[in-house]
Amino acid sequence: MVKTALVIPIVAALMAAPAPASAHTGGWTGAWAAAPQQPSADVWYPTWAEKGFADQSVRQVIRVTAGGPMIRIRLSNAYGGSPLRLTGATVAKAAGGAAVRPNTLRPLTFARSASVTVPTGGQVGSDPVRLAVKAGERLTVTLYFREATGPATYHNLALTTSYRASGDHTHDLGPAAYTETGVSSFYLSGVDVLAGGNAVATFGDSITDGFGATLDADDRYPDALARRLGGRRPVLNLGIGGNRLLYDSACLGERGVARFRRDVLDQPRVKTVIALEGTNDILLGLQEPTPCTTPAAKVSAGELVVGYRKLIRAAHERGVRILGGTLLPIKGYQFYSEEAERIRDEVNTWIRSSGEFDAVVDFERAVADPGDPDRIRPAFDSGDHLHPNGAGYQAMADAVDLTAL
């Protein structure tokens with residue numbers, strides 16, 4: 001784990017090829033998504049990203065937040081150094097661990113082919129699959145790579161167990177072959193459903209990504225918000241642990257102002273976004289840089305406001321409503337300082353009072369300790385005085401005014 005202030009701290013014809021992820025037409029809606037990251041050395045947990053895969057199957061479990069009669073998946077090779085050759089893939093309803101439910105296993109095809117090459121820096125979408133799903137159901141996507149992939153585009157802080165097996169086990173119903181486990185996701189960037197509602201995207205750092213939540217429990221704040229919405233509108237989690245609004249990182253994602261269009265606005269039928277980012281810019285700018293946090297430039301509240309305005313402008317150009325989330329308390333965190341607190345307070349004052357966001361979600365007040373508002377309430381603290389636990393993430397979700405969406 002990086003011991004720094006990372007808000008960690010990451011139909012036409014049935015078989016016709018789907019429209020690109022940027023399309024906002026038709027009946028497809030994002031039901032699950034993850035922001036892709038550059039492969040890097042292990043950040044918080046061991047991952048398979050740097051080495052990639054060769055004659056191996058990787059099985060990944062996700063939970064959709066909207067239902068429909070058909071699904072499709074999206075794969076990203078955004079950070080691949082060469083074209084990615086996928087030999088085969090399947091999707092099924094999860095049965096616990098690496099097992100899948102009998103009679104739900106479906107082969108995935110791409111332009112009617114079982115295999116596909118994902119261009120360097122590009123993405124592909126599968127053909128539609130007849131598999132009816134409900135909001136809240138878990139799906140298992142299995143990818144088989146016969147050839148060596150090289151370093152893998154991935155999402156570090158998936159907080160869901162992934163499974164790896166030697167050889168082609170895409171059609172296995174049971175878990176026996178999947179003897180290796182991890183907590184990141186690989187290449188899988190989206191799952192769409194037919195006829196879902198307009199999506200809500202949540203955008204930010206590890207407080208959106210869910211650091212401090214429970215592995216495999218889906219108790220991050222976007223998960224809790226999706227449950228409040230009850231499938232009426234899907235919720236997509238586009239957080240990256242350690243991410244910053246203004247600066248790139250070798251292992252914590254591109255800066256928020258750069259990745260916002262791809263990760264949020266290009267999702268199918270996103271009509272609202274909740275933005276919560278800036279804490280890492282403040283805290284990391286007051287520390288000595290590490291390989292993961294270089295550059296570590298000091299930022300002012302005014303500079304963050306310029307960044308927020310870029311997000312607002314980009315969202316409004318696409319007709320997307322954008323809500324600003326206030327930055328959570330940081331007092332008691334190991335890298336807390338009075339200077340960091342001053343900048344955070346200035347940022348929150350602007351978010352609440354400027355009127356530039358379409359609405360405000362006051363996350364700070366939702367989780368603050370009434371006896372010391374600069375601290376997270378003990379019952380909501382994951383233990384590092386920076387990230388909420390499951391109860392704190394529920395409080396964050398409860399703070400969202402559903403009518404503001």
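Results, tabulated for the structure shown:
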{"read-out": "Lone qualifier among 227, 233 - being closer than 23 Å to residue 397 by Cβ, part of a loop (DSSP other than H, G, I, E, B) and basic (Lys, Arg)", "value": "233"}
{"read-out": "Condition check for residue 188: touching a helix residue (DSSP H, G or I) at 6+ places or on another chain (Cβ under 6 Å), within 20 Å of residue 240 (Cα to Cα) and surrounded by 20 or more Cβ atoms within 10 Å (Cβ to Cβ)", "value": "no"}
{"read-out": "Selection from segment 106-140 of residues that are of a type in the set (Gly, Ala, Ser) and buried (at least 21 other Cβ atoms within 10 Å of the Cβ)", "value": "125, 126, 135"}
{"read-out": "Meets criteria (buried (at least 19 other Cβ atoms within 10 Å of the Cβ), touching a helix residue (DSSP H, G or I) at 6+ places or on another chain (Cβ under 7 Å) and not acidic (Asp, Glu)) for residue 305", "value": "no"}
{"read-out": "Hits in segment 191-211 (condition: at positive phi and buried (at least 24 other Cβ atoms within 10 Å of the Cβ))", "value": "204, 210"}
{"read-out": "Options 186, 203; residue that is under 17 Å from the mean Cα position of the chain (by Cα), outside the structural domain of residue 326 (by TED's automatic domain parsing) and at pLDDT 95 or above", "value": "186"}
{"read-out": "Conditions (1) surrounded by fewer than 21 Cβ atoms within 10 Å (Cβ to Cβ); (2) under 21 Å from residue 299 (Cα atoms); number of the one not met by residue 386", "value": "(1)"}
{"read-out": "Residue in segment 260-279 that is on the phi < 0 side of the Ramachandran plot, crowded, with 24+ Cβ neighbours inside 10 Å and at pLDDT below 95 present", "value": "no"}
{"read-out": "Test: residue 378 is under 18 Å from residue 244 (Cα atoms) and either in the same structural domain as residue 275 (by TED's automatic domain parsing) or surrounded by fewer than 15 Cβ atoms within 10 Å (Cβ to Cβ) (or both)", "value": "no"}
{"read-out": "Per-region count, segment 256-296, residues of a type in the set (A, V, I, L, M) and in a strand (DSSP E or B)", "value": "5"}
{"read-out": "Residues that are over 20 Å from residue 105 (Cα atoms) and surrounded by 24 or more Cβ atoms within 10 Å (Cβ to Cβ), drawn from segment 66-90", "value": "76, 77, 84"}
{"read-out": "Candidates 157, 143, filtered to the one that is crowded, with 23+ Cβ neighbours inside 10 Å, in contact with a helix residue (DSSP H, G or I) (Cβ under 7 Å, 6 or more places away or on another chain) and closer than 30 Å to residue 213 by Cα", "value": "157"}
{"read-out": "Residue in segment 311-344 that is surrounded by the fewest Cβ atoms within 10 Å (Cβ to Cβ), counting only those that are in a helix (DSSP H, G or I) and touching a Leu at 6+ places or on another chain (Cβ under 9 Å)", "value": "317"}
{"read-out": "Residue match in segment 238-254 (condition: surrounded by fewer than 20 Cβ atoms within 10 Å (Cβ to Cβ), in contact with a helix residue (DSSP H, G or I) (Cβ under 6 Å, 6 or more places away or on another chain) and modelled with pLDDT of 95 or more)", "value": "no"}
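The values are calculated or read from the model by the stated rules, or taken from the named source; none is laboratory data. Note that the coordinates shown come from a computational prediction; the quantities given were computed from them, not determined experimentally. Quick reminder, even Gly has a Cβ in these numbers, built from the backbone with ideal geometry, and neighbours come from all protein chains shown.
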